[in-house]
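See structure below.
The values are calculated or read from the model by the stated rules, or taken from the named source; none is laboratory data. Owing to the predicted nature of the structure, the values given are computational and were not obtained by experimental measurement. Here the Cβ is made from the backbone with ideal geometry for all residues, glycine too, and neighbour counts use every protein chain on show. Surface areas here come from the heavy atoms of the whole protein model, side chains and all, with no ligands, DNA or RNA. Shrake-Rupley method; radii C 1.70, N 1.55, O 1.52, S 1.80 Å.
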Amino acid sequence: MRNVLITGATGSLGGRVATALLARGDRVACLVRPRPGESAQARLEAAGLAAATAIEGEIGGRVGAIAKQAWDVVVHCASDRTAFPRSEGVQRRLNVDGPVEVLLAARAPRFVHVSSAWVAGARSGTALESEVDVGQAFHSSTQESLLEGEVAVRHHARREGVDLRVARPGWVLGGEECLSAFASLIANLAWQTRHSRSQLRVPGLKNARMPLAPRAWVCASIAALVDAEGAANSTVHLVAQGPTQDTFFARLAERAAFPGLRVYTPRRGPLKCPTRIESQAHALLGPMFDTLATD
């Protein structure tokens, strides 16, 4: 039985990882920020994690409580992966400074860091697990900050002699990831325009494969990294060989009953004469569209 500390347990990934570790008998504690009128433990219980222990604190200067216990493993899931962050300061606190802050405070011999496949940046072709900072450009500040955080935690893990295991999920299906936000937008637009002939053209590459990552599979894989033999100081890409963009969005359109949704490949600049719905979608999810245009 291991003593495991998890950050981001009230989020879309951390909670499921905590559930998986509890089910196999690990002692799990979670760093949780209390809210007005709601204690850290109450927030855990509301997330279905009554069997876990809440440690009250917050990334960004309030993690001292985790230094009072001995941990076998830390699983760091807390981050800001939204296409449009609340602020650059909040994003940097969570994505860049946060992993290092937790690693140094917990002093655990093993640290599982949940990064993202999008640290590969704005480049085509195959991105290798062995590649970190190769001078790549980025589609968004979110992608750039996730790489910066990964570089920082790698540096401090080497210096402290910590076994660092990095998981890089692709587009996670479910939760607050950008693709799920887009799916929700499509469902909402379908309802709003059910009596019209509205269309939504999505810029992308029709035949490019979608680098999808089903959430349950991602969380099970992160949990497996906690004690996987031979995984010491490894980096793992968690990306499934998904359908082509054309097939994916055709299925999404069918499910949402929104036949006006389709992928187009820009050839001569931005989309000409966008509809109102297209302008709304492109303003909301521009960074995702930029990523879709990269194979």
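Annotations for the structure displayed:
- Which numbered condition residue 133 misses (of (1) at pLDDT 95 or above; (2) among the charged types (D, E, K, R); (3) within 18 Å of residue 8 (Cα to Cα)): (3)
- Qualifying positions in segment 49-71 - open to solvent by less than 60 Å² (accessible area, probe 1.4 Å), more than 30 Å from residue 287 (Cα to Cα) and either assigned to a loop (DSSP other than H, G, I, E, B) or hydroxyl-bearing (Ser, Thr, Tyr) (or both): 49, 52, 57, 63, 71
- From the options 42, 18, residue that is crowded, with 18+ Cβ neighbours inside 10 Å and small (Gly, Ala, Ser): 18
Conditions (1) of a type outside the set (Lys, Arg); (2) touching a Pro at 6+ places or on another chain (Cβ under 9 Å); (3) open to solvent by 50 Å² or more (accessible area, probe 1.4 Å), marked per residue:
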| residue | (1), (2), (3) |
| --- | --- |
| 211 | yes, no, no |
| 219 | yes, no, no |
| 225 | yes, no, no |
| 242 | yes, yes, no |
| 255 | no, no, yes |
| 272 | no, no, yes |
| 294 | yes, no, no |
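- The C-beta contact set for segment 145-162 (first residue open to solvent by 30 Å² or more (accessible area, probe 1.4 Å) and modelled with pLDDT of 95 or more, second residue basic (Lys, Arg) and part of a helix (DSSP H, G or I), distance under 9 angstrom, 6+ apart or interchain) comprises 148/92.
- Highlighted here are the strands (runs of 3 or more DSSP E) found entirely within segment 224-286 that include at least 2 residues which are closer than 28 Å to residue 114 by Cα and among the β-branched types (Val, Ile, Thr): 235-238.
- Complete set of residues in segment 228-239 that are at negative phi and either surrounded by fewer than 16 Cβ atoms within 10 Å (Cβ to Cβ) or of a type in the set (Ser, Thr, Tyr) (or both): 228, 229, 232, 234, 235
- Per the conditions (1) part of a strand (DSSP E or B); (2) open to solvent by less than 20 Å² (accessible area, probe 1.4 Å); (3) not acidic (Asp, Glu), the sole criterion not satisfied by residue 102 is (1).
- Residues (touching a Gly at 6+ places or on another chain (Cβ under 7 Å) and open to solvent by 20 Å² or more (accessible area, probe 1.4 Å)) located in segment 82-96: 93
- Residues satisfying the stated conditions in segment 21-36, i.e. farther than 13 Å from residue 50 by Cα and open to solvent by 70 Å² or more (accessible area, probe 1.4 Å): 24, 33, 35, 36
- Close pairs from segment 72-97: first in a loop (DSSP other than H, G, I, E, B), partner surrounded by fewer than 18 Cβ atoms within 10 Å (Cβ to Cβ) and at pLDDT 90 or above, Cβ under 6 Å, at least 6 apart: 72/2; 72/3
- Count of residues meeting criterion [within 25 Å of residue 223 (Cα to Cα), free of Cβ contacts under 8 Å to residues at least 40 places away in the same chain and surrounded by fewer than 18 Cβ atoms within 10 Å (Cβ to Cβ)] in segment 115-131: 2
- Pairs, first on the phi < 0 side of the Ramachandran plot in segment 246-266, second open to solvent by 60 Å² or more (accessible area, probe 1.4 Å) and assigned to a helix (DSSP H, G or I), C-beta under 7 Å, six or more apart: 263/246
- Looking across 39, 79, one residue alone is within 30 Å of residue 292 (Cβ to Cβ), of a type in the set (Gly, Ala, Ser) and out of contact with any Gly (no Cβ under 6 Å at 6 or more places or on another chain). It is 79.
- Scanning segment 30-48 for residues that are within 25 Å of residue 116 (Cα to Cα) and assigned to a strand (DSSP E or B) returns 30, 31, 32.
- Flag for residue 112 being open to solvent by less than 50 Å² (accessible area, probe 1.4 Å), touching a residue at least 12 places away in the same chain (Cβ under 8 Å), over 18 Å from residue 211 (Cβ atoms) and in a strand (DSSP E or B): yes
- Residues in segment 216-254 that are within 24 Å of the chain's Cα centre (by Cα) and of a type in the set (D, E, K, R): 227, 246, 251.
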